[in-house]
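S.K.: Here you go, one structure.
The values are calculated or read from the model by the stated rules, or taken from the named source; none is laboratory data. Since we're looking at a predicted model, the values are computed, not measured. Note that each Cβ is placed from the backbone with ideal geometry, even for glycine, and that neighbours are counted across all protein chains shown.
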Amino acid sequence: MQCEGNVDGRELFLEHYKLAKREHRNFLLENEAAEVCRMYSIPLPDGGLAVDKASAVLIADGVGYPVVMKVVSPEIIHKSDVGGVRVGIHSKEQLVEAYDSIIDSVKKHQSTAEVRGFVVAKMAGKGVETIVGLKRDAVFGSAVMFGIGGIFVEVYKDVSFRVCPVRNGDIEEMLGEIRGRVLLEGFRGMPKVNMDALKKVIMAVCSLGMENPEVSSVDLNPVLATGEGALALDARIILQ
Amino acid sequence: MNEVSETLERIFKARSIAVVGASTDPTKPGHEILKNMIHIGYKGSVFPINPNADSILNFKCYPRLLDIPEPIDLVVFVLPPNLTLKIVEEELVERKRKFGDTAGVVMVGGGFRETGTREGEENENRLKQLLRSAGIRLIGPNCQGIIDTTSRVNTTFDIGDYKKGAVSVITQSGALGCSFLMWAKFNELIGLDRFVSFGNMADVDVAEVLEHLAGVPSTKVIWVYLEGYADGKRFMEVARKASSRKLVVVLKPGKTQLGATAAFSHTGAIAGEDQIWDAVFKQTGLIRAYSLQEFYDTTRAFEKLPVINGNRIAVLTVCGGLGTLCIEEIAVSHHLKMACFSEETKQRLRALLAPTASVGRPEGYVDTTGAVTEMTHYDAMRVALEDEQVDGVIFLTTPPAFLPPRGWAEQLAKAYNSQPPIGKKPVVAVVGFGDSARESKEVLEHEGIPTFDFPESAFRVMNNLAKYHLYRERFAN
């Protein structure tokens, strides 16, 4: 990591941050969070922001099916709670159908929500669902979290923390500390996951947190860990 | 030595102490403090301040601080807040201005911020401000103060004389710190180097004292009861420094604190204050105890034992059940593993033990069975310690009734202490009969082998030693 930090990442973050504050939002939109993550070299699935059906189809054609689609709205933070997420879209027809049905569902749950568009992204394959997160602590500043991810993360709490900045050895220890580490080592015929890729994501989240004091917390959940690499399928950045 | 350390050292090594609020009434702390100074054998000058008495416990009383004709290094206050403030303002500050002699005060008396009232807080702020502008450091208020077993300075009202040793105590709860000392006093489980209780920690704080004690050669182990600290970066910096030079064992309550309830993220919801502190302890190399028992046991064992140079443990047991329970702990441990004996070790053990004994099943495990003599205790321990693939030994026994209580323990200790001092491997002992085997335990403790009632306790101590080894390796890189 260069001494002056990630200047472009910081600049882009501030741009989104200012907009969010103007709109009285305490989080970045999905596409904004994704852009910031990319600036910090966190790998995300190929995709983009679609503002209408035609651009959704274009993006899907570009990245190739199957794709996932997620609603982007300044009023919606928990997207799946309002039926704002659809996975496993295999064709143009399914995409168009999903587009309409997500809009219907969002309207039903939260009629006043403004829909800015949809993130359309390449659907990832199989792997181990991990979580990489960050929390700003009042006493110690940024603390990074790694663990087994997915929707039950708050139930099992199989996670490990370190205060930033972290050394390579700290990350090694984090990976070794969780109960689910066997899942990373090639459990029941699954491939051994690419640990270096995971480590890079943890390191990157640390930098993101330390260089942007306006960030209150970060969730990359899940970060899909595979034999090849690590892919952040969902990025949430909460602001102070 | 920096300025803070110099001042703290003047307080620990005070050659003269004034006690404001000294009492003729033996039921008052203001009396007990003077008594404890006598008990511990303080050789400096003691000046009780009491306008209504000529002398207390043969110390000549003075009506006011300003009347003491000699230099004073340390002033102890045992008074209610209003009187304390009055005397600080009218006498102590004046004295410091005139003679420049007082390095610090210990405020034993309470009635300040801990009351949770506005008045209490205002009084504490006033106290801080008066002392700061006078250039006098404050320990307390609402605390037991300090003990130094070399200078024999003692401001506590709970602890009298104490065996000198290598454990220093830093505590944000005076009563808990004293309870540890009283618990360990029986059977002389620890020796004390220094003791600091902060109470409200209005001035001198945990980080300052931790940093200072890290540079004190007579301290080997630092026992820290920590409730919190506001400056995280400073704490981490000091903690790293301290753990690279001392074994620092810490207990920090707060396990039940939850993350922010209204968290917008998973991470925010999971990340309670305690998880962050836990990470801090790991990153800075402090050994965190997760229960009071582990806290006490780890500290007392660390004082006696050499550090471990690996994580391969041999389990030597006279009792199959205890041995099994112990290797189960090791099996699920993150830090320890069972040692792998060399073929030579196995052969030597088989040759010296009864045919009923079990050697190396599983690896690193020896069950001598009850068919032991005093000598086999010596031989088996010696052979296990001599194996290069063993880093430490846990010994467990329910001492056979046919063996005299001292003999086997002496033989075991002899094997332990016949190791060369450099690279000496740690041994801990579980004597399963509790206090009914007191004589055996006394021998072992006296010879430097910590004893425990339960295999879990012995395991945790070894596990913590291995953690410390890991931290040291990390700092070396």
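S.K.: For region B:14-27, give me each residue that is outside any strand (DSSP E or B), touching a residue at least 40 places away in the same chain (Cβ under 8 Å) and closer than 14 Å to B:LEU57 by Cβ.
M.R.: Answer for region B:14-27, where residues must be outside any strand (DSSP E or B), touching a residue at least 40 places away in the same chain (Cβ under 8 Å) and closer than 14 Å to B:LEU57 by Cβ: B:ALA22, B:SER23.
S.K.: Looking at B:GLU188 and the list (1) touching a His at 6+ places or on another chain (Cβ under 9 Å); (2) at negative phi, which single condition is not satisfied?
M.R.: (2)
S.K.: If you don't mind, there's one more thing I want to ask. Residues of region B:267-296 being more than 22 Å from B:LEU470 (Cβ to Cβ) and within 7 Å of chain A (Cβ to nearest Cβ), which ones?
M.R.: B:THR267, B:GLY268, B:ALA269, B:ILE270, B:ALA271
S.K.: Which one of these is buried (at least 18 other Cβ atoms within 10 Å of the Cβ) and either in the same structural domain as B:LEU465 (by TED's automatic domain parsing) or under 28 Å from the mean Cα position of the chain (by Cα) (or both): B:VAL393, B:VAL332?
M.R.: From the options B:VAL393, B:VAL332, the qualifying one is B:VAL393.
S.K.: Residues that are touching a strand residue (DSSP E or B) at 6+ places or on another chain (Cβ under 7 Å) and either closer than 27 Å to B:PHE281 by Cβ or free of Cβ contacts under 8 Å to residues at least 12 places away in the same chain (or both): does region A:225-238 have at least one?
M.R.: So far as region A:225-238 goes, yes, one or more of its residues are touching a strand residue (DSSP E or B) at 6+ places or on another chain (Cβ under 7 Å) and either closer than 27 Å to B:PHE281 by Cβ or free of Cβ contacts under 8 Å to residues at least 12 places away in the same chain (or both).
For every residue, the table says whether it meets (1) touching a Lys or Arg at 6+ places or on another chain (Cβ under 6 Å); (2) of a type in the set (Ser, Thr, Tyr); (3) touching a residue at least 24 places away in the same chain (Cβ under 8 Å).
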{"site": "A:PHE118", "(1), (2), (3)": "no, no, yes"}
{"site": "A:GLY125", "(1), (2), (3)": "no, no, yes"}
{"site": "A:THR130", "(1), (2), (3)": "no, yes, yes"}
{"site": "A:MET145", "(1), (2), (3)": "no, no, no"}
{"site": "A:GLU177", "(1), (2), (3)": "no, no, no"}
{"site": "A:MET195", "(1), (2), (3)": "no, no, no"}
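S.K.: If you don't mind, there's one more thing I want to ask. Which of the residues that make up region B:50-82 are farther than 23 Å from B:PHE12 by Cα and assigned to a helix (DSSP H, G or I)?
M.R.: B:ASP67, B:PRO81, B:ASN82
S.K.: Restricting attention to region B:236-275, report how many residues are modelled with pLDDT under 95 and among the aliphatic types (A, V, I, L, M).
M.R.: Qualifying residue count for the region: 7.
S.K.: Okay, moving on. Name the residue that is surrounded by the fewest Cβ atoms within 10 Å (Cβ to Cβ), counting only residues in region B:335-357 that are assigned to a loop (DSSP other than H, G, I, E, B) and of a type in the set (A, V, I, L, M, F, W, C).
M.R.: Step by step, filter region B:335-357, then rank; the result is B:ALA354.
S.K.: Can we say B:ILE330 is within 14 Å of chain A (Cβ to nearest Cβ), closer than 28 Å to A:GLY180 by Cα and among the β-branched types (Val, Ile, Thr)?
M.R.: Considered against the rule, which asks whether it is within 14 Å of chain A (Cβ to nearest Cβ), closer than 28 Å to A:GLY180 by Cα and among the β-branched types (Val, Ile, Thr), B:ILE330 comes out as no.
S.K.: Looking only at residues that are in contact (Cβ under 8 Å) with a residue 60 or more places away in the chain and part of a loop (DSSP other than H, G, I, E, B) in region B:101-125, which one is farthest from B:LEU34 (Cα to Cα)?
M.R.: B:PHE112
S.K.: Enumerate the helices (runs of 4 or more DSSP H) found wholly within region A:1-107, keeping only those where 2 or more residues are surrounded by fewer than 17 Cβ atoms within 10 Å (Cβ to Cβ).
M.R.: Hits in region A:1-107: A:7-22, A:53-63.
S.K.: In region B:83-100, how many are buried (at least 17 other Cβ atoms within 10 Å of the Cβ) and in a loop (DSSP other than H, G, I, E, B)?
M.R.: 0
S.K.: Can you tell me how many residues within region B:28-48 are of a type in the set (A, V, I, L, M, F, W, C) and in contact (Cβ under 8 Å) with a residue 60 or more places away in the chain?
M.R.: 3
S.K.: Which condition breaks for A:PHE27 when tested against (1) of a type in the set (Phe, Trp, Tyr); (2) over 18 Å from the mean Cα position of the chain (by Cα); (3) within 14 Å of chain B (Cβ to nearest Cβ)?
M.R.: Answer for A:PHE27: the failing condition is (2).
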